[in-house]
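For reference, the structure is listed below as structure tokens.
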Amino acid sequence: MCGIFAVVNDKTNNAAQTVLTGLKKLEYRGYDSWGIAIKPGRSTEAVDRLQVEKHIGKIGEAKTNLPKGKIAIGHTRWATHGGVTDENAHPHLDCHQQIAVIHNGIVENYLEFKEELIKKTHKFSSETDTEVIAHLIEEKMRPSVIPSEERSDESRNLEKAVFETFNSLVGSNAIGVIDFESETIIACRNGSPLVVGVDEKNHQFFLGSDVPAFLKHTNRVHFLDDGEAVVITKQGVKLFNVKSGQEKKLILQQLDWQLEDAEKGGFPHFLLKEIMEQKETIAKIASINEKEILEIANLIRQGFRTVLIGCGTASYCALAGKYFFANTGFESQTYGAYEFLPFSQFANNKTLIIAISQSGETADTLIAVRAAKKQGAKIVAVVNSRGSTLERLADIVLSVGAGPEIAVVSTKAFTAQLVTLYLLAEATSNKYEPGKKKIKELSKALHNWLNKQLTNRLIDLAKELIDQEHIYLIGKHLNYPATLEFALKLKESSYIHAEPFAAGELKHGVITLIQKGTPCFVLASNDEVKGEILSSAAELKARGGRIIGIAPFNSYEFNEVIQTPDLGELTIFANIIVGQLLGYYLGVGRGADPDKPRNLAKSVTVK
Ligand code: F6R
């Protein structure tokens with residue numbers, strides 16, 4: 001949550017604009033408000049302090065009014081402490097506008113600090129936890145109790161002040177600090193992501209919460225580990241251990257991400273682009289991770305208890321994975337990671353935790369993983385983003401390779417994770433190669449099916465459903481998690497109340513909700529429960545529901561059908577993609593922002 005971006009030695013001498021452009025790429029992390037702080041360049045008149053601009057709302061087509069300069073920091077916010085106001089937007093300043101701070105995380109002990117600092121006459125202008133960081137640094141650099149003429153050089157040791165301040169914060173945090181006088185940016189990480197980018201050709205240095213923010217400048221990066229800090233000056237980037245203050249060797253890695261991966265590529269929205277990219281991403285997974293998949297399958301066969309965890313979409317992926325494992329004869333358990341703690345006591349060195357996460361930074365997932373790890377469990381990370389905390393915590397990483405997922409609503413990362421779980425389940429019963437073949441067939445079928453005819457049909461359906469406030473969905477067995485995911489896509493993208501049920505639940509109370517004309521989606525496959533799900537559809541129809549089948553067949557229980565390719569248990573991929581597309585078209589039709597739905601952030605790094 002929240003996006004951090006900074007540049008040093010901006011080659012255009014327009015660092016504020018560079019930061020603004022970078023922040024746009026990070027808006028998926030939060031878009032309540034944004035702000036930039038810059039050290040104005042020498043040509044700017046009478047400047048003895050940092051200049052700051054802040055606004056509420058999305059960045060959109062905003063332009064910055066800040067002066068020219070080569071060094072700046074910026075932030076896009078997802079509010080935690082303090083409402084959505086200009087004052088609460090980051091960066092936050094010290095009393096003399098010499099220090100500005102951007103922050104991702106929560107400072108759990110900020111109130112104690114704030115009281116002390118107020119007693120020491122520091123002036124606060126926001127309700128945020130972040131602002132204490134700027135004043136704490138100021139206090140350590142220029143203690144208010146020491147008259148200015150008595151201050152030693154030591155009292156202006158920026159690194160020391162920032163590191164000490166950071167070490168005193170309780171919680172998961174990442175901060176970026178700009179200092180007017182020394183023209184330095186310092187960033188520290190503990191629990192929230194930070195990556196530094198080095199553009200050697202132009203001698204420019206970048207800091208971001210994620211790589212797409214500066215991918216157009218460089219793909220040479222270092223992902224900061226917890227407990228690491230970087231000090232960025234005109235001369236370059238130095239890496240430190242934030243606890244000991246010791247310098248470490250900075251080793252850059254070159255990513256294979258392309259700029260196009262982080263651009264819309266002619267599509268009106270990232271969401272639509274990413275849905276369509278599944279034609280390629282799904283096939284790609286059949287040719288990666290073989291060694292790791294076979295290793296994990298071996299552990300499962302040896303009797304490791306398999307527990308799948310994740311949040312939101314990733315938890316539905318976990319649930320679908322549980323069915324895949326059951327189909328190959330292996331029992332597994334699933335938990336929403338946020339509900340795992342009471343059960344972590346049962347984890348031991350014969351437990352395999354399969355943690356699923358697009359970002360690898362979801363706080364609840366990381367907490368669950370750490371708890372299980374403490375009990376000796378082996379951790380497998382099924383993750384899309386690169387260099388994430390989850391990846392570092394894991395014993396084995398299954399990197400799903402869907403590429404940057406920019407839209408807040410997860411699509412291609414979900415299907416990439418689901419393919420990975422399918423292949424893993426197949427591998428446990430020695431069917432990895434046939435599994436790969438089936439994934440290739442799936443990809444080919446999606447290629448042919450995901451065409452203009454389908455999208456036109458879904459646009460028409462979206463038009464018909466546009467004013468609905470309630471939609472109900474049912475599915476059984478593998479189509480149950482598919483139904484959960486389908487409904488979540490509708491809710492997130494269009495804000496329509498879409499409620500999914502296991503078909504078996506209907507008769508136990510839920511059927512009261514169905515009235516004449518209520519839209520009811522029935523997700524089905526050509527499987528052993530086809531008859532049962534059609535009976536449930538008939539019961540809904542008998543109560544007046546408008547039954548929309550999502551299935552590879554038509555049937556008289558349906559009022560209409562969106563036909564999907566017949567791919568056995570893999571049919572759920574197509575069934576879910578219908579939900580992704582329908583959610584998108586409904587959202588556009590209802591005036592929602594498909595890439596940045598209200599109240600959400602892509603990476604939920606707070607509890
Ligand atoms: C829904 C969605 C969220 C995430 C959830 C977990 O479209 O994106 O439900 O799946 O917040 O995020 P990750 O996968 O990053 O752990």
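The values are calculated or read from the model by the stated rules, or taken from the named source; none is laboratory data. These numbers come from a predicted model, not from an experiment. Don't worry about glycine lacking a Cβ; one is built from the backbone with ideal geometry, like all the others, and counts go over all protein chains shown.
Here are a few things to note about the model shown:
- Residue check: R386 meets all listed conditions (1) in contact with a helix residue (DSSP H, G or I) (Cβ under 9 Å, 6 or more places away or on another chain); (2) more than 14 Å from the ligand (Cβ to nearest atom); (3) not acidic (D, E) but one, namely (2).
- Checking each residue of the range 350-370 against the condition of being within 11 Å of the ligand (Cβ to nearest atom) and either at positive phi or in the same structural domain as G579 (by TED's automatic domain parsing) (or both) gives at least one match.
- Residue check, I288 surrounded by fewer than 24 Cβ atoms within 10 Å (Cβ to Cβ) and touching a Leu at 6+ places or on another chain (Cβ under 7 Å): no
- Inter-residue pairs, beta-carbon under 6 Å, first buried (at least 24 other Cβ atoms within 10 Å of the Cβ) and in the range 490-503, second modelled with pLDDT of 95 or more and of a type in the set (S, T, Y), 6+ apart: S493/Y584; P500/T483; A503/S536
- Taking the conditions (1) within 19 Å of G208 (Cα to Cα); (2) of a type outside the set (K, R); (3) touching a residue at least 60 places away in the same chain (Cβ under 8 Å) in turn, L50 satisfies each one other than (1).
Let's see how each residue does on (1) surrounded by fewer than 21 Cβ atoms within 10 Å (Cβ to Cβ); (2) of a type in the set (D, E); (3) in contact with a Phe, Trp or Tyr (Cβ under 8 Å, 6 or more places away or on another chain):
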residue: A16; (1), (2), (3): no, no, no
residue: T21; (1), (2), (3): yes, no, no
residue: R29; (1), (2), (3): no, no, yes
residue: I36; (1), (2), (3): no, no, no
residue: R42; (1), (2), (3): yes, no, no
residue: K68; (1), (2), (3): yes, no, no
residue: A72; (1), (2), (3): no, no, no
residue: W78; (1), (2), (3): no, no, yes
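- Residue under evaluation G336, criteria (1) more than 16 Å from the ligand (Cβ to nearest atom); (2) without any contact (Cβ under 8 Å) to a residue 40 or more places away in the chain; (3) not aliphatic (A, V, I, L, M), criterion not met: (1)
- Among (1) outside any loop (DSSP other than H, G, I, E, B); (2) out of contact with any Asp or Glu (no Cβ under 8 Å at 6 or more places or on another chain) - the single one F324 does not satisfy: (2)
- Residue within the range 81-91 that is β-branched (V, I, T) and in contact (Cβ under 8 Å) with a residue 40 or more places away in the chain present: yes
- Among the residues of the range 339-349, those that are in a loop (DSSP other than H, G, I, E, B) and either among the polar types (S, T, N, Q) or within 16 Å of the ligand (Cβ to nearest atom) (or both) comprise F340, Q345, N348, N349.
- Residue, farthest from the ligand (Cβ to nearest atom), within the range 290-311, restricted to residues that are touching a helix residue (DSSP H, G or I) at 6+ places or on another chain (Cβ under 7 Å) and under 21 Å from A368 (Cβ atoms): I300
- Qualifying positions in the range 394-419 - more than 13 Å from the ligand (Cβ to nearest atom) and either touching a strand residue (DSSP E or B) at 6+ places or on another chain (Cβ under 7 Å) or at pLDDT 95 or above (or both): A394, D395, I396, V397, L398, S399, V419
- Total residues in the range 99-117 satisfying the condition of being farther than 29 Å from K25 by Cβ and either in contact with a His (Cβ under 7 Å, 6 or more places away or on another chain) or crowded, with 16+ Cβ neighbours inside 10 Å (or both): the figure is 3.
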